[in-house]
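A short reminder: the numbers here are calculations on the coordinates, not readings from a lab. Computed from a prediction, not measured in an experiment: that's the story for all the values here. Here Cβ is always computed from backbone atoms with ideal geometry, including for glycine, and neighbour counts include all displayed protein chains.
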């Protein structure tokens, strides 16, 4: 394969279609036992994701081209905010506990 043919190529596990990403979020929400409002994926300039006080999730489109473990950490981080709205000890312990089986 020529260099020009491989430019922009990324391993499959690092490039996911939008519907696959949404399925990942849904699976994590079920595992964590939380429900979210809307799920939006859009360009974001300064962060990977956010969670509103109403439970609406927004993820950066750039997250779709990140490695699977980074996507998982980002998704879990936002979903745990549906239980704990801050970044205190309980929040960090929950994030760590959910990711412990994911090789984190």
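Checking each residue in region 25-37 for being within 19 Å of residue 91 (Cα to Cα) and within 11 Å of the chain's Cα centre (by Cα) picks out 25, 28, 29. Taken over region 74-94, the residue count meeting the criterion of being more than 19 Å from residue 40 (Cβ to Cβ) and surrounded by 15 or more Cβ atoms within 10 Å (Cβ to Cβ) is 3.
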